[in-house]
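The structure appears right after this line, and notes come after that.
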Amino acid sequence: TRTESDEQGIDSSSEAIDVVSAGVQVGDLVVIAITADIAGYTSMSVQGMTMTKILDSGNSTPASLVFYGFWASGNSNPYLDGSGESATNRLRAMSSVTGIFRNTSSSLLTSNTESGSSGMPDPDSIGVSYSANRSIIICTGHLDDDEVFMTAPSGFTMAGTSKTNSTSRDGITGSSTGMCYKITTSSASEYINAFGGGGSDAHDAIAMRF
């Protein structure tokens, strides 16, 4: 988990998210979830490894971003590469969670997004996996303003949760991010409850099945 006052704290190789020390291996699925209270970017991508941007709420409140990719030989720790306003204004009051998952499907099977104006992030149900083989469902939650440590929906396990504080929010209201997962051997649709944590504000969520 990580919090930064702005994108400038995570926009170079020396400030990258350290998945190497966390033990990432070739073939592992890496998921990065980011929430910012205020944003002013034209584009946002990841350097260091090939990642797909699956959620980008743009310069809204909150600004929610989710990237995923599979670790390959020659990759390096990932960091953000944005354009638009200056790095100190592209993502402000930023919280993030990065997860590493092993022995997953080598591709995204299906996904579903949700957003709301109040309450906690509440991932929509996720469709069938089209296979009886084991799959993993990964959900991320993104909350504007309220600074809370999220808890997992029923039946899910938290991978991590992060929130800004008076130091990392840099004088503006903050953000919170959560990531959870569930391993299932059923190919049926999965109905998912909201993240816990007690907050209530504008939010986004995504459920992904690999």
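Things to note:
- Positions within region 155-194 being of a type in the set (D, E, K, R) and under 30 Å from LEU109 (Cα atoms), in sequence order: LYS163, LYS182, GLU190
- Residue match in region 75-89 (condition: more than 20 Å from LYS163 (Cα to Cα), within 14 Å of the chain's Cα centre (by Cα) and either modelled with pLDDT of 85 or more or crowded, with 20+ Cβ neighbours inside 10 Å (or both)): yes
- Output for region 28-67, where each listed residue is in contact (Cβ under 8 Å) with a residue 24 or more places away in the chain and at positive phi: GLY48
- Qualifying residue in region 94-101 (condition: over 29 Å from VAL128 (Cα atoms) and either in contact with an Asp or Glu (Cβ under 8 Å, 6 or more places away or on another chain) or open to solvent by less than 40 Å² (accessible area, probe 1.4 Å) (or both)): yes
- Residue, farthest from ALA205 (Cα to Cα), within region 12-27, restricted to residues that are assigned to a loop (DSSP other than H, G, I, E, B), open to solvent by 50 Å² or more (accessible area, probe 1.4 Å) and in contact (Cβ under 8 Å) with a residue 60 or more places away in the chain: GLN25
- Flag if SER162 is modelled with pLDDT under 95, within 24 Å of LEU29 (Cα to Cα), open to solvent by less than 10 Å² (accessible area, probe 1.4 Å) and assigned to a strand (DSSP E or B): yes
- Count - residues of region 165-179 that are polar (S, T, N, Q) and part of a loop (DSSP other than H, G, I, E, B): 5
- Selection within region 193-210 - in a loop (DSSP other than H, G, I, E, B), of a type outside the set (D, E, K, R), in contact with a Ser or Thr (Cβ under 7 Å, 6 or more places away or on another chain) and surrounded by fewer than 24 Cβ atoms within 10 Å (Cβ to Cβ): ASN193, GLY197, GLY199, SER200, ALA202, PHE210
- Looking across region 164-185, the residues that are of a type in the set (Ser, Thr, Tyr) and touching a residue at least 40 places away in the same chain (Cβ under 8 Å) come down to THR164, THR167, SER168, THR173, SER175, SER176, THR177, TYR181, THR184, THR185.
- Lone unmet requirement of (1) surrounded by fewer than 16 Cβ atoms within 10 Å (Cβ to Cβ); (2) under 17 Å from the mean Cα position of the chain (by Cα); (3) part of a strand (DSSP E or B) for ILE183: (2)
- Scanning region 38-67 for residues that are crowded, with 24+ Cβ neighbours inside 10 Å and not small (Gly, Ala, Ser) turns up PRO62, LEU65, VAL66.
- Count of residues meeting criterion [more than 19 Å from SER95 (Cβ to Cβ) and within 13 Å of the chain's Cα centre (by Cα)] in region 30-46: 0
The values are calculated or read from the model by the stated rules, or taken from the named source; none is laboratory data. The structure displayed is predicted, hence computed values, not measured ones. Here Cβ is always computed from backbone atoms with ideal geometry, including for glycine, and neighbour counts include all displayed protein chains. Note: areas computed on protein heavy atoms with side chains; ligands, DNA, RNA excluded. Shrake-Rupley method; radii C 1.70, N 1.55, O 1.52, S 1.80 Å.
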